[in-house]
Amino acid sequence: MTARVIHKFTRNVPQWRPRVTPVDLAEATPAQLEALQVTPSNTKVSDYVLTLAHDVESLKVRSPLFNAIMYDKEGLSRSERELGALGASIVNRCIYCAAVHASRHAQIEKDTRVTDELFAKGENADLSPRDRAIFDFARKLSAAPSQASAEDMATLRAAGLDEAEVLDLILSTALFGWANRLMHVLGDPVREDVSG
């Protein structure tokens, strides 16, 4: 059985194969364990996070920041944060992250139409005005921050986003612009090829 790198967007989350050997929990330093926030009942940690554990100081900041941005109960809805992160992941061609965010968006919404449309038509997807404003802003912000203009901000407001929601969108998009780049450098999205 061999693994092949995935290049096409999908909601089926592939495996992520690191190029750097992840930290082994059994051999992790106390500082790494603290940064990983591992407890005896919580020892399932992704290879991505275990790879990030090589840089303890960054990981100590990353996990709380990620949780605050993506899981805050107020402001932008969870599915819309996922849509912003998906926009960044599509621009950055991060197949793994796009799959995770598309899958989560579809699970939260209990509907695959938005992600089906985005994967089929990209920038030309037929979206609701609010989803269109969110996706376009995330896409432009990810391509080059200066592309997200005052006109885009006006479009977000016209679609009903308030200041807190716009900030949440900026943060979720930027967080995954950064995460996508780490994923690209540190590993590859792969599927096991059973044909050999």
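A few remarks follow.
- Being part of a helix (DSSP H, G or I), farther than 21 Å from residue 66 by Cβ, modelled with pLDDT under 95 and among the basic types (Lys, Arg) is a property that residue 121 has.
- Restricting segment 89-112 to residues that are more than 18 Å from residue 14 (Cβ to Cβ) and in contact with a Lys or Arg (Cβ under 9 Å, 6 or more places away or on another chain) leaves a set whose member that is surrounded by the fewest Cβ atoms within 10 Å (Cβ to Cβ) is 108.
- Members of segment 54-92 found to be in contact (Cβ under 8 Å) with a residue 12 or more places away in the chain, charged (D, E, K, R) and closer than 21 Å to residue 16 by Cα, listed by number: 82
- Flag for residue 136 being open to solvent by 10 Å² or more (accessible area, probe 1.4 Å), charged (D, E, K, R), at pLDDT 95 or above and outside any helix (DSSP H, G or I): no
- Within segment 139-171, being in contact with a Lys or Arg (Cβ under 7 Å, 6 or more places away or on another chain) and either within 16 Å of residue 81 (Cα to Cα) or open to solvent by less than 50 Å² (accessible area, probe 1.4 Å) (or both) holds for 148, 152, 159, 160, 168.
- When restricted to residues that are under 24 Å from the mean Cα position of the chain (by Cα), more than 21 Å from residue 183 (Cβ to Cβ) and either open to solvent by 100 Å² or more (accessible area, probe 1.4 Å) or at pLDDT 90 or above (or both), segment 25-44 contains 2.
- Segment 69-86, subset modelled with pLDDT under 95 and open to solvent by 60 Å² or more (accessible area, probe 1.4 Å), residue farthest from residue 96 (Cα to Cα): 74
- Scanning segment 45-68 for residues that are hydroxyl-bearing (Ser, Thr, Tyr) and under 17 Å from the mean Cα position of the chain (by Cα), we see that the one that is modelled with the highest pLDDT is 51.
- Matching option when the condition is open to solvent by 40 Å² or more (accessible area, probe 1.4 Å) and among the polar types (S, T, N, Q), among 21, 51: 21
- A Cβ distance below 6 Å, combined with a sequence gap of six or more or placement on separate chains, defines the contacts here; from segment 143-154, residues that are free of Cβ contacts under 8 Å to residues at least 60 places away in the same chain reach residues that are assigned to a helix (DSSP H, G or I) and of a type outside the set (Ser, Thr, Tyr) in the pairs 143/91; 147/140; 148/137; 148/140; 148/141; 152/137.
The values are calculated or read from the model by the stated rules, or taken from the named source; none is laboratory data. Note that the coordinates shown come from a computational prediction; the quantities given were computed from them, not determined experimentally. Please note: Cβ atoms are built from the backbone with ideal geometry, for glycine as well, and neighbour counts cover all protein chains shown. For accessibility, only protein heavy atoms count, side chains too; no ligands or nucleic acids. Shrake-Rupley method; radii C 1.70, N 1.55, O 1.52, S 1.80 Å.
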